[in-house]
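What follows is a short report on a single structure.
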Ligand SMILES: [Zn+2]
């Protein structure tokens, strides 16, 4: 077992030490124990003081091994999942093992082959590390907490490397995206500020529909979509962007949808949490998706704003709120899938299953078999449950979940890791499924538009892009579940490698 430095925490005291993590590390130079000279190349510098960054503490275990602590959500130490940090001042061919030691969850997709994301200055496109370099196991050094270790070989001295739990999607990126849409001056796209977060960030509301539907007195069939109530669930933003991109496009289905429906989209319900690099909570430590029953204008202003608008629409006899979909990401399940509500009315219950069934036909990554309907007490304050109780039998409320990691195409067994593009494609497929739904309901039965099919050539090009790893990877070992519990084993496996071996 590797000898821990004197400054490292006592084993068994990890949870207590989490409380001591006040903020993100800032250009933190990790020196070996007892080292007094100037920092040298290879003394790693860690940083998470940037938007959506998260790393609370680094402990030097050995020259080859570092224990990393996730900074808990602001004002809520219970949630520790999202991480996002940079490492610089590396030496060429420097091999390290990073142990993320204070996850708040035990079940994880790391057991199924998920791996952290990496990019670097000279390779700015995010890639997943190979699963064979990632180990997830109960660690005796950390009160038998589940620890995720990954081996990495730095290969370019001038590069700054960045590691993250999943593809980041920041508040600033989102604002730039909306700015670029606004500049296109589309007469069917409207952006307004519905409110502000506690830290004065914008709560954006988009309306996408034909201007005819916004005339005074016009009847409106509304689809309401929200995202990113849980800030660490970044795939939610990619899916939401896919929906928006499709709806504002010139695709014939998008044109018909704009003609018949009004899409109201609040893509980022928790902008402070996103900015701060939280996983689940707002600045003040609230899980906003448990406060739909009684949101306060000062403690949960963004949620309060959205709920007010929904109730206003509900009370407007000219407005029919037909769908509410809240987009999340799931840390233990594969594929896209939905949660819906349970109703006494059997027919309503059956009709609720139609949309996910149609989506399953359009999206190869969406699983109807993983879709479920529930009324668990623990979900009582969620948007789906609250609105399912408020709205009448003509409305459907869903949570759309998408895996942080991968999907398995029906009839196959291989897990296909999600890319940013694959998340956006799910969004496009969600959008076009509304046409199938309303066609089935005869609303637009006279409109005959061929459904676009994904060409297999496009899929092949996409898959090839996803392969092509360009980092050297230091370990070639079995899957995570086979990894032994001892830290000493891990360290040795790095030390004993021949440096000239190509990885
Ligand atoms: Zn969520």
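The values are calculated or read from the model by the stated rules, or taken from the named source; none is laboratory data. Nothing here was measured: the structure is a model prediction, and the numbers come from that model. Every residue, glycine as well, gets a Cβ built from its backbone with ideal geometry; the counts of neighbours run over all protein chains shown.
Could you list, in sequence order, all residues of region 13-32 that are over 32 Å from the mean Cα position of the chain (by Cα) and either farther than 14 Å from residue 67 by Cα or modelled with pLDDT of 95 or more (or both)?
Listed by number, the list is empty, since nothing qualifies.
Exactly one condition in (1) assigned to a loop (DSSP other than H, G, I, E, B); (2) at pLDDT 95 or above; (3) buried (at least 20 other Cβ atoms within 10 Å of the Cβ) is not met by residue 79; state its number.
The one condition residue 79 does not meet is (2).
I'd like the full set of residues that are within 23 Å of the chain's Cα centre (by Cα) and part of a loop (DSSP other than H, G, I, E, B), limited to region 335-375.
Within region 335-375, 335, 363, 364, 365, 367, 368, 369, 370, 371 meet the criteria.
Residues being modelled with pLDDT of 95 or more and in a strand (DSSP E or B): count how many of those fall in region 409-446.
Within region 409-446, residues that are modelled with pLDDT of 95 or more and in a strand (DSSP E or B) number 2.
Starting from region 382-403, take each residue that is within 10 Å of residue 324 (Cα to Cα) and within 16 Å of the ligand (Cβ to nearest atom) and list its partners that are part of a loop (DSSP other than H, G, I, E, B) and modelled with pLDDT of 85 or more, counting only C-beta distances under 6 angstrom and pairs at least six apart or across chains.
These pairs meet every condition: 383/292.
Using beta carbons and a limit of 9 Å, which pairs, at least six apart or on different chains, have the first residue in region 318-343 and in the same structural domain as residue 431 (by TED's automatic domain parsing) and free of Cβ contacts under 8 Å to residues at least 60 places away in the same chain and the second one within 12 Å of the ligand (Cβ to nearest atom) and part of a strand (DSSP E or B)?
Note: pairs meeting the criteria are 340/399.
Within region 205-225, identify whether any single residue is outside any strand (DSSP E or B) and under 22 Å from the mean Cα position of the chain (by Cα), and answer yes or no.
no
Of (1) touching a residue at least 12 places away in the same chain (Cβ under 8 Å); (2) farther than 30 Å from residue 304 by Cβ, residue 357 satisfies all except one. Which?
Failed condition: (1).
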